[in-house]
Amino acid sequence: MSSQNILITGISGQDGIFLANQFLKDDSKNFKIYGISRQDPLITINKINSIGVDSQDLKIIDIDLTDSLKVKNLISDLKPAQIFNLSGPSSVYESINNSKYFQNTINSIFDNLTNSCLELKQFPNFFQACSSEMFSNKNKMPLNENSVFDPRSPYAKAKFQVFNKLNKLKELYDWNIKAGIMFNHESEFRDQEYLFMKIFNSAKLIKSKKLEYLEIGSLDICRDWSFAGDVSNAMFLMNQSDNRNNFVIGSGKAISVKEVIEQIFSLFEINLENNIIVNPKLLRFGDPQTIISDPSMIKESLNWNQKLTFEDLIERIFKRV
């Protein structure tokens with residue numbers, strides 16, 4: 001059986017790690033995974049190995065995806081059957097202070113990948129990671145594929161620009177290219193600056209008497225949190241399918257920041273009231289109080305379902321951090 005080359009940009013992030021795992025454990029086809037990362041490849045390989053798969057059919061490549069010639073040469077050499085574009089800066093907060101870099105980088109990576117495919121007349125199944133940050137904060141909840149977009153941050157605006165380009169390419173070239181509009185998702189591989197890991201790390205420090213308290217912007221804000229492995233499974237299903245729809249990917253449930261902290265603190269046997277300070281100055285201006293997804297379309301169309309509950313997710317991270 002001839003192998004399929006799979007190209008995953010941003011493979012060192014949590015989504016890339018779980019997505020590579022999804023392919024490597026799939027015995028139905030012979031996949032060769034090529035992952036783009038600027039990080040030490042051994043770190044990424046060790047992370048993938050840590051969740052129980054053999055990474056011998058995985059190769060990590062270090063190239064600058066903003067370099068159009070290098071990207072075109074890569075696509076020409078690999079002739080990938082599938083591309084997953086998970087690359088680019090992802091911090092909404094950092095994008096506010098560095099808007100030009102975020103918008104240029106996110107757009108140039110997408111443009112270089114898709115333009116290379118067009119020039120080489122190659123049309124692999126293409127998945128683009130997009131964000132719930134693109135939605136207007138005036139929408140009624142829950143948010144679905146028909147909800148109104150009105151991106152505010154430079155990060156969200158760049159993702160929306162890519163989203164619009166993707167839809168034009170789909171129409172013009174009859175291309176199986178689609179976007180996953182992803183809500184908050186977490187795992188033990190989440191970067192340290194994100195809320196879940198901030199809470200876990202603070203709990204460890206409080207428990208060991210190295211930190212007095214966790215400082216948080218609000219306990220009442222509610223978000224839609226999923227397990228990154230389940231979200232990556234949705235990406236996998238989308239790109240194996242002939243269905244070209246863009247899909248919302250989320251849990252469909254709203255969990256408050258207070259509930260997250262209570263769950264995590266309880267595992268460390270820490271009292272919430274005595275170890276937390278609420279500082280509204282930490283909040284991002286204009287953020288909605290509650291964000292909830294409606295993932296019914298992907299569930300009905302691709303038979304996708306979450307395997308880990310919110311409680312299971314907390315327990316999983318606790319055992320691994």
- Task: Pairs only if they're at least six apart or on different chains, beta carbon under 7 angstrom, first in segment 32-55 and touching a residue at least 40 places away in the same chain (Cβ under 8 Å) and within 18 Å of residue 5 (Cβ to Cβ), second of a type in the set (Lys, Arg) and not in a loop (DSSP other than H, G, I, E, B); list them, first residue then second.
- Result: 34/59
- Note on the structure: With criteria (1) outside any loop (DSSP other than H, G, I, E, B); (2) at pLDDT 95 or above, residue 245 comes up short on (1)
- Considering residues that are part of a helix (DSSP H, G or I) and either in contact with a helix residue (DSSP H, G or I) (Cβ under 8 Å, 6 or more places away or on another chain) or of a type in the set (D, E, K, R) (or both), the number found within segment 276-309 is 5
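If the requirement is being modelled with pLDDT under 90 and either within 25 Å of residue 244 (Cα to Cα) or touching a Ser or Thr at 6+ places or on another chain (Cβ under 7 Å) (or both), which of these qualifies: 35, 52, 88? First the steps, then the outcome.
On the way: 35 fails: modelled with pLDDT under 90; 52 fails: either within 25 Å of residue 244 (Cα to Cα) or touching a Ser or Thr at 6+ places or on another chain (Cβ under 7 Å) (or both).
Going through 35, 52, 88 in turn, the sole match is 88.
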- Message: For segment 210-256, which positions are within 16 Å of residue 301 (Cα to Cα) and among the β-branched types (Val, Ile, Thr)?
- Response: 231, 248, 249
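If we keep just the residues of segment 10-63 that are part of a strand (DSSP E or B) and in contact with a Gly (Cβ under 8 Å, 6 or more places away or on another chain), which is surrounded by the most Cβ atoms within 10 Å (Cβ to Cβ)?
Looking at residues that are part of a strand (DSSP E or B) and in contact with a Gly (Cβ under 8 Å, 6 or more places away or on another chain), I get 35.
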- Query: In the list 266, 202, 218, which residue meets the criterion of being of a type in the set (Ser, Thr, Tyr), surrounded by 20 or more Cβ atoms within 10 Å (Cβ to Cβ) and either assigned to a helix (DSSP H, G or I) or in contact (Cβ under 8 Å) with a residue 60 or more places away in the chain (or both)?
  - Reply: 202
- Note on the structure: A careful count of residues in segment 64-99 that are within 24 Å of residue 124 (Cβ to Cβ), outside any loop (DSSP other than H, G, I, E, B) and hydrophobic (A, V, I, L, M, F, W, C) gives 7
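The values are calculated or read from the model by the stated rules, or taken from the named source; none is laboratory data. Please read all numbers here as calculations on a predicted model, not as lab measurements. Here Cβ is always computed from backbone atoms with ideal geometry, including for glycine, and neighbour counts include all displayed protein chains.
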